[in-house]
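The values are calculated or read from the model by the stated rules, or taken from the named source; none is laboratory data. Please read these numbers as outputs of a predicted model, since none were measured by experiment. Cβ sites come from the backbone with ideal geometry, for glycine too, and all protein chains shown count toward neighbours.
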Amino acid sequence: MKTINVIKLAFTSLLLLGVGAAFAQTDDQVNDQADVWAQIELQWNMVEKQDAKWIDRLLTDDFSGWGKDSPAPRGKASTKMWTRFNEQVSEMLAHELYPLSIVVHDDVAVAHYMFTSADKHKTKDGKIETTHGRYTDILVRTDDGWKFIAWAGGAD
């Protein structure tokens with residue numbers, strides 16, 4: 001009888017340790033998800049402020065992003081060139097992001113979200129246009145924090 005009680009106690013202890021470890025892992029995942037979302041928000045905020053440093057600060061050197069308005073994926077240099085051009089013809093006045101899903105596996109994160117943005121077009125009589133769309137961003141954890149390695153999406 002004593003042996004059965006010892007086995008029950010050992011099994012219960014292992015079960016509780018396993019549940020505790022699962023919660024600790026969940027806390028890490030929640031923190032990673034929050035950090036990833038903070039980077040996405042930072043990127044959009046820097047674009048809105050026309051802070052061109054976001055490209056060098058937030059994209060990996062081997063970045064490849066495919067916006068709906070581009071004919072093919074663009075690397076970091078191409079993204080920088082087109083961002084400079086777009087800042088000459090339009091200005092983001094406001095934006096709002098709607099997170100849908102963030103999945104983190106080790107040092108890779110995939111984030112799906114929707115957006116609304118208001119842009120003033122310098123070539124269209126200064127009219128303000130509101131657009132809605134969606135993005136999927138892929139980020140990798142680096143020594144400098146989370147950085148974008150790829151994205152796809154754009155206005156609907």
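Of all residues being in contact with a strand residue (DSSP E or B) (Cβ under 9 Å, 6 or more places away or on another chain) and farther than 18 Å from Ala155 by Cα in region 35-48, which is surrounded by the most Cβ atoms within 10 Å (Cβ to Cβ)? Just the residue, please.
Step by step, filter region 35-48, then rank; the result is Val36.
Test Pro99 against the stated conditions and say whether it is at pLDDT 95 or above and touching a helix residue (DSSP H, G or I) at 6+ places or on another chain (Cβ under 7 Å).
Criteria met by Pro99.
Determine the pairs where a residue that is part of a helix (DSSP H, G or I), located within region 26-46, has a partner that is of a type in the set (Asp, Glu) with Cβ atoms under 8 Å apart, the partner being 6 or more residues away or on another chain.
From residues that are part of a helix (DSSP H, G or I), the pairs are Ile40/Asp137.
Please state which one of Met114, Met92, Met81 is of a type in the set (A, V, I, L, M), free of Cβ contacts under 8 Å to residues at least 40 places away in the same chain and in a strand (DSSP E or B).
Among Met114, Met92, Met81, only Met114 is of a type in the set (A, V, I, L, M), free of Cβ contacts under 8 Å to residues at least 40 places away in the same chain and in a strand (DSSP E or B).
Looking for something farther than 27 Å from Asp27 by Cβ, within 14 Å of the chain's Cα centre (by Cα), surrounded by 14 or more Cβ atoms within 10 Å (Cβ to Cβ) and not aliphatic (A, V, I, L, M) - is there at least one such residue anywhere in region 115-123?
For region 115-123, residues farther than 27 Å from Asp27 by Cβ, within 14 Å of the chain's Cα centre (by Cα), surrounded by 14 or more Cβ atoms within 10 Å (Cβ to Cβ) and not aliphatic (A, V, I, L, M): present.
Do you know which residues across region 67-96 are surrounded by fewer than 15 Cβ atoms within 10 Å (Cβ to Cβ), touching a strand residue (DSSP E or B) at 6+ places or on another chain (Cβ under 8 Å) and hydrophobic (A, V, I, L, M, F, W, C)?
Ala72, Trp82, Val89, Leu93, Ala94
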